[in-house]
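The values are calculated or read from the model by the stated rules, or taken from the named source; none is laboratory data. As the structure is a computational prediction, the values presented were derived from the model and not from experiment. Counting neighbours? That spans all protein chains shown, and the Cβs are built from the backbone with ideal geometry, glycine included. For the accessible areas, the whole protein counts, side chains as well, though only heavy atoms, and no ligand, DNA or RNA atoms are used. Shrake-Rupley method; radii C 1.70, N 1.55, O 1.52, S 1.80 Å.
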Amino acid sequence: MDKPEFPAFPADFVWGVSTASYQIEGAVNEDGRGASSWDDFVAQPGRIVNGDTGNIACDHYHRYPEDIALMKELGLDAYRFSFSWSRIQPGGKGAVNPAGLGFYDKLVDGLLEAGITPSPTLFHWDTPLELEQAGGWLNRDTATRFADYAQIVGDHFADRIPRWITINEPVVLTMLGYGAGIQAPGLTLGFDALPAAHHLLLAHGLGVQALRAAGASNIGIANNHAVTWPASEHEEDLQAAGLYDNVANWIFADPILTGAYPEELAPFLPPIPDGDLDIISTPIDWYGINSYNPTLVGAPTAGEAALVDGHELDDSLPFSLRELEGYPRTDFDWPVVPEAFTELLVGFKERYGEKLPPIYITENGAAINDGPDSEGRVRDARRIEYTAAHLHALKAAMDAGVDVRGYFHWSLMDNFEWAVGFSQRFGLIHIDYETQKRTPKDSYYWYQELIRRNKGGV
């Protein structure tokens, strides 16, 4: 098979990779780290494929120097990781754990020494367990606690970290954690989960303000977005797709970028206290988009529950997620539709116009589960094809006038993929979870060459 050509991007385009604390760090009981919602969730029988946990994961807590060396060899401009809130502030409030800050001191300083820009996310779903047990993101107080935490981290790192992300994918935590019970904390509240969405957005706004007060700048959010396609042109499918689009996309973008929730969702939202939307719409410097594939949505199908990543959703919802047929699929059974990536980005520009700040793609990638062959080589050609096609689609959006400043591939390495455990591999680097051996895949070397050529290499 011919190697896909290398798309060309501006010389100052930022090339990065992404990870998250619970997915890679391990060391869950070391150096004063407090328990998180995910520590509790993985301990519940039947929650995670194969009973996997993040207790060790990729052992990044101990192996971060090796991982930084691999990133340097890759030629990255930036590394998106997440701080573990409960490693820094074990109870989610109150006393700070010096050893937790100390770990991230070593990580940040190591990245800077390697010429890689640390680009951390303050919160990637691992809520401190004490806060979760007090209501988690259904409790408004958690947003206030997040602001305090953001102030702590900002005060400590603002002089060394030039790019910040407040929160990762509030839609997933709201819909799958509080709505459908697929992820931590495992609640099945349906539309009654929407207060969690509001409090996450409020935490984002308060977090932006706290970071700025600490002297930090260049702040954004990493929101998950996907194009919603109606299953047909029938009115009931169009209405269902429109509602889903608002719940999955615009409820999380509109308040930040316009200061208002979509009007169509007014019947589903709790009363919004005065001033909250002003906080949520605190200006940001850039907008992060995580995107993988489009979603096909139709009217409810009687007696047939939709599947998300192998889990059934409540069949009483006013929409149903349908199978998108006729496209290649990843090993996670997600459809590969690069043109939808262009459509999504162009749609953002059309929807928000001058209110849309510059965009970074903060996640994009594919689960391709190839392992080492008899020669020890991981020939993950399908990941290369996926990435090349989506970068071409990204460039098409940029050529259409969308201001995109950088791309962060998900993920640097195979890791604990939440409810599906270690069964799905998104990494450029293969992890042998028994030995913790790191093996760069063919896609690692392809991405390395892509970066090299875009930096003027021949």
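Remarks
- Residue in the stretch 140-149 that is within 17 Å of the chain's Cα centre (by Cα) and either at negative phi or crowded, with 18+ Cβ neighbours inside 10 Å (or both) present: no
- Single unsatisfied condition, PRO90 versus (1) open to solvent by 10 Å² or more (accessible area, probe 1.4 Å); (2) more than 23 Å from VAL42 (Cβ to Cβ): (2)
- Conditions (1) over 19 Å from GLU169 (Cα atoms); (2) surrounded by 21 or more Cβ atoms within 10 Å (Cβ to Cβ); (3) out of contact with any strand residue (DSSP E or B) (no Cβ under 7 Å at 6 or more places or on another chain): number failed by GLU264: (2)
- Any hit, the stretch 75-83, residues being over 30 Å from PHE13 (Cβ atoms) and modelled with pLDDT of 95 or more: no
- Taking the criterion of being over 23 Å from the mean Cα position of the chain (by Cα), within 18 Å of LYS395 (Cα to Cα) and either of a type in the set (Val, Ile, Thr) or open to solvent by 30 Å² or more (accessible area, probe 1.4 Å) (or both), the residues of the stretch 442-458 that qualify are GLU449, ARG452, ARG453, LYS455, GLY456.
- Evaluated against (1) surrounded by 18 or more Cβ atoms within 10 Å (Cβ to Cβ); (2) closer than 24 Å to TYR79 by Cβ; (3) among the small types (Gly, Ala, Ser); (4) out of contact with any helix residue (DSSP H, G or I) (no Cβ under 7 Å at 6 or more places or on another chain), ALA158 falls short on exactly one condition, (1).
- Checking each residue of the stretch 301-308 against the condition of being modelled with pLDDT of 95 or more and farther than 30 Å from THR144 by Cα gives no match.
- Selection status of ILE182, in contact (Cβ under 8 Å) with a residue 60 or more places away in the chain, in a loop (DSSP other than H, G, I, E, B) and either among the hydrophobic types (A, V, I, L, M, F, W, C) or open to solvent by 10 Å² or more (accessible area, probe 1.4 Å) (or both): yes
- Applying the set (1) of a type outside the set (Ser, Thr, Tyr); (2) part of a loop (DSSP other than H, G, I, E, B); (3) under 20 Å from VAL14 (Cβ atoms) to TRP125 leaves exactly one unmet item: (3).
- Any hit, the stretch 274-295, residues being at pLDDT below 95 and part of a loop (DSSP other than H, G, I, E, B): no
- When restricted to residues that are farther than 13 Å from ALA196 by Cβ and surrounded by 21 or more Cβ atoms within 10 Å (Cβ to Cβ), the stretch 161-172 contains 6.
- Per-region count, the stretch 43-61, residues surrounded by 13 or more Cβ atoms within 10 Å (Cβ to Cβ) and free of Cβ contacts under 8 Å to residues at least 24 places away in the same chain: 1
- Members of the stretch 217-230 that are open to solvent by 10 Å² or more (accessible area, probe 1.4 Å) and either within 16 Å of ILE359 (Cα to Cα) or aliphatic (A, V, I, L, M) (or both): SER217, ASN218, ASN224, ALA226, VAL227
- Of all residues in the stretch 370-404, exactly one satisfies the criterion of being open to solvent by less than 60 Å² (accessible area, probe 1.4 Å), of a type in the set (Ser, Thr, Tyr) and free of Cβ contacts under 8 Å to residues at least 60 places away in the same chain, namely TYR386.
- In the set ARG63, ARG80, ARG33, only one residue is of a type outside the set (A, V, I, L, M) and closer than 21 Å to PRO170 by Cα; that residue is ARG80.
- Every residue from the stretch 231-251 that is open to solvent by less than 30 Å² (accessible area, probe 1.4 Å) and among the charged types (D, E, K, R): ASP237
- Against the test of being in contact (Cβ under 8 Å) with a residue 24 or more places away in the chain, within 30 Å of ARG383 (Cα to Cα) and assigned to a helix (DSSP H, G or I), the options VAL108, VAL17 yield a single qualifying residue, VAL108.
- For THR439, the criteria (1) open to solvent by less than 10 Å² (accessible area, probe 1.4 Å); (2) under 26 Å from ASP333 (Cα atoms); (3) in contact with a strand residue (DSSP E or B) (Cβ under 7 Å, 6 or more places away or on another chain) hold in every case but one, which is (1).
- Among the residues of the stretch 405-419, those that are farther than 23 Å from LEU394 by Cβ and either of a type in the set (Ser, Thr, Tyr) or open to solvent by 10 Å² or more (accessible area, probe 1.4 Å) (or both) comprise GLU417, TRP418.
- Scanning the stretch 390-408 for residues that are at negative phi and part of a loop (DSSP other than H, G, I, E, B) yields ALA400, VAL402, ASP403.
- Some residue of the stretch 82-89 being charged (D, E, K, R), touching a Phe, Trp or Tyr at 6+ places or on another chain (Cβ under 8 Å) and either closer than 30 Å to ALA210 by Cβ or in contact (Cβ under 8 Å) with a residue 24 or more places away in the chain (or both): yes
- Any hit, the stretch 409-422, residues being among the aliphatic types (A, V, I, L, M), assigned to a helix (DSSP H, G or I) and under 22 Å from THR117 (Cβ atoms): no
- When the stretch 138-153 is filtered for residues that are under 18 Å from SER86 (Cβ atoms) and of a type outside the set (D, E, K, R), the ones remaining, listed by number, are ASN139, THR142, ALA143, THR144, PHE146, ALA147, TYR149, ALA150, GLN151, ILE152, VAL153.
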